[in-house]
Amino acid sequence: MPTRLQPEALGLLEHRRSLPLRALVEPGPDAATLDRLLAIAARVPDHGRLVPWRFIVLEGPARGVAGDRLDALYARRMPDLPGEKAHMWRDYLLRAPVTVVLVSRPDPAAKIPVFNQTLSAGAVGMNLMLAAEALGFSALWLLKWPGRDSEAAALIGVGEGEAVAGFFHIGRPAERVTDRPRPALDQIVTRFAP
Ligand SMILES: Cc1cc2nc3c(=O)[nH]c(=O)nc-3n(C[C@H](O)[C@H](O)[C@H](O)COP(=O)(O)O)c2cc1C
């Protein structure tokens with residue numbers, strides 16, 4: 001088959017970069033667009049077709065409710081928390097119009113190694129980033145305390161045996177940012193020379 005370049009796809013792959021949370025603004029994706037975005041995100045290599053990942057969508061007022069619950073737990077954990085941080089997780093979750101929590105749920109009893117299953121979740125994350133961009137949005141992949149603490153993660157519906165692979169904050173891009181340094185190929189590529 002002849003090679004067919006896809007310039008738009010290449011442009012996206014060669015120039016995409018993350019924006020800061022403050023630059024992800026309303027309007028977020030509507031329900032149909034978010035479904036499309038998640039369907040694209042889920043189109044990844046998946047050894048054994050185990051679907052070892054899932055999504056939890058935080059949108060609308062549910063973001064604030066989730067944030068309040070996280071703030072309450074955070075305050076219990078940190079009795080000396082300064083007053084100005086009392087609502088930090090609420091503020092965090094209300095920044096972007098939509099946040100998708102990507103949950104990794106490898107099956108340890110499966111024949112497929114857990115590592116393979118975990119890598120598949122990472123692939124979902126990157127696909128989600130690219131899908132957001134292709135649909136006219138921008139996404140930021142973060143994994144802060146609410147995703148790393150199992151009790152906090154449970155407050156937003158993450159179960160036992162599951163782990164948060166990332167919070168994907170999605171919105172319209174309100175800023176342009178210059179690229180960050182990328183690794184030089186000679187630092188990361190070697191050729192096996194027997
Ligand atoms: C699993 C994962 C977790 C991350 N968590 C954070 C985070 O908590 N805070 C942060 O500043 N950046 C975090 N990052 C990095 C940002 O997502 C962002 O990608 C990076 O700063 C810029 O990359 P890009 O412009 O190439 O997309 C994380 C990245 C990954 C893959």
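The values are calculated or read from the model by the stated rules, or taken from the named source; none is laboratory data. What you see is a predicted model, and the numbers here were worked out from it, not measured in a lab. Ideal geometry is used to build each Cβ from the backbone, glycine not excepted, and the neighbour counts take in all protein chains shown.
Among the residues in segment 86-93, are any surrounded by fewer than 18 Cβ atoms within 10 Å (Cβ to Cβ) and without any contact (Cβ under 8 Å) to a residue 12 or more places away in the chain?
For segment 86-93, residues surrounded by fewer than 18 Cβ atoms within 10 Å (Cβ to Cβ) and without any contact (Cβ under 8 Å) to a residue 12 or more places away in the chain: absent.
Return only the number of the condition from (1) within 21 Å of the chain's Cα centre (by Cα); (2) among the basic types (Lys, Arg); (3) away from the ligand (no atom under 16 Å from the Cβ); (4) farther than 27 Å from Ser150 by Cα that Arg4 does not satisfy.
Going through the list (1) within 21 Å of the chain's Cα centre (by Cα); (2) among the basic types (Lys, Arg); (3) away from the ligand (no atom under 16 Å from the Cβ); (4) farther than 27 Å from Ser150 by Cα, Arg4 breaks only (1).
I'm told Tyr92 meets every condition in (1) within 14 Å of the ligand (Cβ to nearest atom); (2) part of a helix (DSSP H, G or I); (3) farther than 13 Å from Ala165 by Cα; (4) touching a helix residue (DSSP H, G or I) at 6+ places or on another chain (Cβ under 6 Å) except one. Can you identify the failing condition by its number?
(4)
Check Ala152, Ala193, Ala184 and return the single one that is in contact (Cβ under 8 Å) with a residue 24 or more places away in the chain and more than 22 Å from Thr33 (Cβ to Cβ). Steps first, please.
Values: Ala193 fails: in contact (Cβ under 8 Å) with a residue 24 or more places away in the chain; Ala184 fails: in contact (Cβ under 8 Å) with a residue 24 or more places away in the chain.
Going through Ala152, Ala193, Ala184 in turn, the sole match is Ala152.
Select, from Arg148, Arg180, Arg191, the only residue that is more than 14 Å from the ligand (Cβ to nearest atom) and either of a type outside the set (Gly, Ala, Ser) or surrounded by 14 or more Cβ atoms within 10 Å (Cβ to Cβ) (or both).
Of the residues listed, the single one that is more than 14 Å from the ligand (Cβ to nearest atom) and either of a type outside the set (Gly, Ala, Ser) or surrounded by 14 or more Cβ atoms within 10 Å (Cβ to Cβ) (or both) is Arg191.
I'd like the full set of residues that are more than 18 Å from Gly159 (Cβ to Cβ), more than 17 Å from the chain's Cα centre (by Cα) and surrounded by fewer than 16 Cβ atoms within 10 Å (Cβ to Cβ), limited to segment 103-126.
The answer is Lys111, Pro113, Phe115.
Of (1) at pLDDT below 95; (2) in a helix (DSSP H, G or I), Ala62 satisfies all except one. Which?
The number of the failed condition is (1).
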